[in-house]
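The block underneath contains the structure these notes are about, expressed in structure tokens.
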Amino acid sequence: MRNVPGLEAIYRDYKNKNVQFLIIYKSIVHPGTNGVIDAFTKEERIKQLALAKKRLGTTVPIVSDSLDGDIVKALESAPNAEFVVDPEGKLVYRKFWHDPATLRTFLEERVGKVDNPTKVADLNMKLVFPKAGAPRGLVEPLKMPGRMAILNTAPELQEDAGAKDEAPPFFAKLLAEADRKALNGGEGKLYLGFYLDPVYQVHWNNPAGGLSFSINDPNDAGFEPVVGQTPEYKHETDVDPREFVINFQAQKRGAKLRLTVRYTICDDNGKFCMPVEQHYTLEMTRKRGGASRAGQWMTELVGDPMSYDKNGDGLASRDELPKQRAMIMLLHYDRNHDEAIDKVEAALFYDMTRMQQAKSRAVKKDELPRARTGGGH
Amino acid sequence: MIYMSRLSLLLVALTLAVPVCAQQSFVERMNQGFRSRSPKAGEMLPDAAGFRADGTPFALKDTRGKLTVLVTGCLT
């Protein structure tokens, strides 16, 4: 939500005029943005709320939608919509994309103008990112092979599994996407991304072995198991996502598969390191309301960010980016928070889109990470 | 000749208009979907539940009694 400072200014002007404000934190449209991926549990969502409040520096109260998105479904809301409701519960204003300027105009007409309205510039709001316990940007993001759709996935949580011992949380969370061919049960591409959840403050323990996964068919419908493994990294640790793009055939549309993932993490505070094995149901159906991994849609909006590198120093800095888009571009893709986009960060923009299709180099079979079919473990 | 130059101008105009239209259609499509499905001004806000930052239950109907501004977002 890049327009939070605008909302904050209105909130400060009207909160004492018998108007209440609520931001409704909802499911993430582009998982992976700034390392944030959808919470699996209510406890995780509560921690995300606290992190978001700190990062955005807002004092506007935030509540959460249910994990199933009941509020957004009831409102049939767009990703960043706004509504004004009168004291009796009747809707009096709505807009599909939150716009502080028009909201202020509405409140001025409804409640009255304020003397000396708060200006965004006066708020001096800066995004504050929690300090990661390990470096970012050491593992290059994968180039997506084409337009993909987010799949429905479900973690096997402890209560579901009926385990007696306390299971570790999902430190790394799965984002799975598939192209149209794979969704329709044919041979296509499957993207698997495992993102460390910032709420747990952990990092990968690379010397202990990489991340591996296997996909099996619990219904034994003749699906060949698929396994994959990250390469060996020379650096000891980082917090970058572990990503795979594999050739994939689900056998049939809507197949329900089981994914197992193994990895080792260490706590940022040095309290523990642990190997983890976790399971997901991977359903070959499109998730409602899900868009694409962070980066894909951006290309359509702004094109290649490196084209703004006017002085040729390999960085598209804030000063070089178009004024109207600099904030959103840096907000989403400046992974190391140096107020510039470098080539690695920009790689996220090179995904196949309408604008980049001609230039984009699809991932070829022999370039795929060490994923292979058969075997399993 | 006049006919040809007019045709050329039309083609140039169409070529320039395509990328703009493509971008507008994405936003407009989303806006149209919102306008047709989302509750309209004058209608009662439907009720649905979530939870507050401290974990306690929250429902849209809890906002009654004051003029309320609701903004949805994923706060990334």
(request) Being within 8 Å of another protein chain (Cβ to nearest Cβ), out of contact with any Leu (no Cβ under 9 Å at 6 or more places or on another chain) and more than 26 Å from A:THR105 (Cβ to Cβ) is the filter here, so list the residues in the range A:44-81 that pass it. (result) A:ILE46, A:ALA50, A:ASP65, A:SER66, A:ASP70, A:LYS73
(request) Could you check, for the range A:8-15, whether at least one of its residues is touching an Asp or Glu at 6+ places or on another chain (Cβ under 9 Å), buried (at least 20 other Cβ atoms within 10 Å of the Cβ) and of a type in the set (Ser, Thr, Tyr)? (result) no
(request) Go through the range B:59-74 and give me each residue that's within 25 Å of the chain's Cα centre (by Cα) and closer than 13 Å to A:PRO61 by Cβ. (result) B:THR63, B:THR68, B:VAL69, B:LEU70, B:VAL71
(request) Kindly indicate the residue of the range B:55-76 that is in a strand (DSSP E or B) and more than 7 Å from chain A (Cβ to nearest Cβ) and also surrounded by the fewest Cβ atoms within 10 Å (Cβ to Cβ) among those meeting that condition. (result) B:PRO57
(request) Determine if the range A:160-180 includes at least one residue that is of a type in the set (Lys, Arg), surrounded by fewer than 16 Cβ atoms within 10 Å (Cβ to Cβ), within 22 Å of B:CYS74 (Cα to Cα) and under 27 Å from the mean Cα position of the chain (by Cα). (result) no
(request) Can you work out which of the residues in the range A:57-86 that are β-branched (Val, Ile, Thr) and not in a loop (DSSP other than H, G, I, E, B) is nearest to A:VAL4 (Cα to Cα)? (result) A:ILE62
(message) Out of everything in the range A:64-79 that is surrounded by fewer than 21 Cβ atoms within 10 Å (Cβ to Cβ) and aliphatic (A, V, I, L, M), what residue ends up being nearest to A:ASN124 (Cα to Cα)?
(response) A:LEU67
(request) Examine the range A:136-148 for a residue that is in contact with a Leu (Cβ under 7 Å, 6 or more places away or on another chain) and at pLDDT below 80, and state whether such a residue exists. (result) yes
(message) Suppose the filter is outside the structural domain of A:THR260 (by TED's automatic domain parsing), under 30 Å from A:THR230 (Cβ atoms) and in contact (Cβ under 8 Å) with a residue 40 or more places away in the chain; does A:PRO141 pass it?
(response) yes
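Per-residue answers, yes or no, for (1) modelled with pLDDT of 75 or more; (2) within 7 Å of chain B (Cβ to nearest Cβ); (3) on the phi < 0 side of the Ramachandran plot; (4) buried (at least 20 other Cβ atoms within 10 Å of the Cβ):
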| position | (1), (2), (3), (4) |
| --- | --- |
| A:VAL4 | yes, no, yes, yes |
| A:GLN20 | yes, yes, yes, no |
| A:SER27 | yes, yes, yes, yes |
| A:GLY32 | no, no, no, yes |
(request) Mind telling me which of the residues A:VAL128, A:VAL84 ends up being surrounded by fewer than 16 Cβ atoms within 10 Å (Cβ to Cβ) and within 14 Å of another protein chain (Cβ to nearest Cβ)? (result) A:VAL128
(request) Name the one entry in A:ARG104, A:ARG136, A:ARG147, A:ARG110 that is within 10 Å of chain B (Cβ to nearest Cβ) and either in contact with a strand residue (DSSP E or B) (Cβ under 9 Å, 6 or more places away or on another chain) or not small (Gly, Ala, Ser) (or both). (result) A:ARG110
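The values are calculated or read from the model by the stated rules, or taken from the named source; none is laboratory data. Since we're looking at a predicted model, the values are computed, not measured. When we count neighbours, we look across all protein chains shown, and the Cβ atoms used for this are built from the backbone with ideal geometry, even at glycine.
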